[in-house]
Amino acid sequence: MAFSVRVVGVGDAFTAKYHNACLLLEAGGARVLVDAPPALARALADVARATGDSVGLDSIDHVIITHLHGDHMGGLEQLLFYQRFVTGRKIVLHAIPEVLAGLWDTRLRGGMEQLIEAAPAGGALPYLERKLTLEDYAQVLPLEPGVNALGPFQVEWRPTVHHIPTSALRFSREGRTLGYSADTAFDPSLIAWLNRSDLFFHETNLGVHTPLASLVALPEAQRERMRLIHYPDAHDVSNSPIPCAREGERHDL
């Protein structure tokens, strides 16, 4: 086995049944979280209960954010605060430059920039204010074009067709590859790129997302490596024409 992937969440932005789409990869003793949805600690706890493994906020070494919509990064503040105040270590944060450019100022700064800390003994005030940046919480490593080293993995990315900058991903290790579409409109060239993986997760949903009918019409050689994710609550998982990712399941590659 080169690595494993656990399905943390499968739902879309409006789900009332699932956790939002999220994956957890593990290899060589390192754990890589793909996106950080809201209620992240609860989502990871549900994975731990389903698998019997010890999985929690303190066990994440790397996190990669595909884009800045809340269902994909709304739990990042929780994760970064936990690492700072509980574990005392910095997580390694990855994203494409276009995502990192807005991450702090538009999504995190309001709740994380200002902290108060105990003042030295004998001071006039019991607390001091401190201004922080994203680098105070995480080691920030942009994803560059081509192959990137991300812990034990080699990672490649390409943009998707979405409202805001978004990256599809391919993770490789020891000759095995996993793909993830992230959020995207139907894009045959992206699916061909993902199909170079042994297994890939592809979203399906309404609006500027990929219609299920478009995926069903693909050649069998592409569909057989695909698992659906980010699907709406109304999707009939048991009778799905393409197998669905299920929360808590683990795939070994």
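The values are calculated or read from the model by the stated rules, or taken from the named source; none is laboratory data. Source: prediction; values computed, not measured. Here Cβ is always computed from backbone atoms with ideal geometry, including for glycine, and neighbour counts include all displayed protein chains. In case anyone asks, the SASA skips ligands and DNA or RNA and just uses the protein heavy atoms, side chains included. Shrake-Rupley method; radii C 1.70, N 1.55, O 1.52, S 1.80 Å.
Here are a few things to note about the model shown:
- The sole residue among Thr66, Thr106 that is within 24 Å of His19 (Cβ to Cβ) and outside any helix (DSSP H, G or I) is Thr66.
- Residues (among the acidic types (Asp, Glu) and farther than 22 Å from Phe171 by Cβ) located in the range 30-70: Asp46, Asp58
- Annotation: of all residues in the range 49-61 being under 17 Å from the mean Cα position of the chain (by Cα) and assigned to a helix (DSSP H, G or I), the one that is surrounded by the most Cβ atoms within 10 Å (Cβ to Cβ) is Leu57.
- Answer residue from the range 106-141, given it is hydroxyl-bearing (Ser, Thr, Tyr) and within 31 Å of the chain's Cα centre (by Cα) and is nearest to Gly70 (Cα to Cα) among those: Thr106
- Sole exception among (1) closer than 18 Å to Glu156 by Cα; (2) in a helix (DSSP H, G or I) for Leu79, by number: (1)
- Close Cβ contacts (under 8 Å, 6 or more residues apart or on different chains) running from residues in the range 124-149 that are on the phi > 0 side of the Ramachandran plot to residues that are modelled with pLDDT of 95 or more and open to solvent by less than 90 Å² (accessible area, probe 1.4 Å) comprise Gly146/Glu156.
- Top-ranked residue of the range 80-99 - restricted to ones that are touching a helix residue (DSSP H, G or I) at 6+ places or on another chain (Cβ under 8 Å) and open to solvent by less than 30 Å² (accessible area, probe 1.4 Å), ranked as farthest from Glu144 (Cα to Cα): Gln83
- Checked against (1) of a type in the set (Asp, Glu); (2) in a helix (DSSP H, G or I); (3) within 28 Å of Ser59 (Cβ to Cβ), Glu98 passes all but condition (3).
- Scanning the range 4-29 for residues that are farther than 19 Å from Ala168 by Cα, assigned to a loop (DSSP other than H, G, I, E, B) and not β-branched (Val, Ile, Thr), we see that the one that is nearest to the chain's Cα centre (by Cα) is His19.
- Index of the failed condition, Leu228 passing every other in (1) open to solvent by less than 60 Å² (accessible area, probe 1.4 Å); (2) within 21 Å of Asn20 (Cα to Cα); (3) touching a Ser or Thr at 6+ places or on another chain (Cβ under 6 Å); (4) in a loop (DSSP other than H, G, I, E, B): (4)
- Hits in the range 194-221 (condition: in contact with a helix residue (DSSP H, G or I) (Cβ under 8 Å, 6 or more places away or on another chain) and open to solvent by less than 30 Å² (accessible area, probe 1.4 Å)): Phe200, His202, Thr204, Leu215, Leu218
- Residue in the range 11-25 that is free of Cβ contacts under 8 Å to residues at least 24 places away in the same chain and either of a type in the set (Val, Ile, Thr) or open to solvent by 40 Å² or more (accessible area, probe 1.4 Å) (or both) present: no
- Residue in the range 159-193 that is surrounded by the fewest Cβ atoms within 10 Å (Cβ to Cβ), counting only those that are of a type in the set (Val, Ile, Thr) and within 21 Å of Ala221 (Cα to Cα): Thr177
- The sole residue among Thr106, Thr133 that is polar (S, T, N, Q), out of contact with any strand residue (DSSP E or B) (no Cβ under 7 Å at 6 or more places or on another chain) and open to solvent by 80 Å² or more (accessible area, probe 1.4 Å) is Thr106.
- Note on the range 236-247: residues that are open to solvent by 30 Å² or more (accessible area, probe 1.4 Å) and either β-branched (Val, Ile, Thr) or closer than 24 Å to Pro37 by Cα (or both) total 4.
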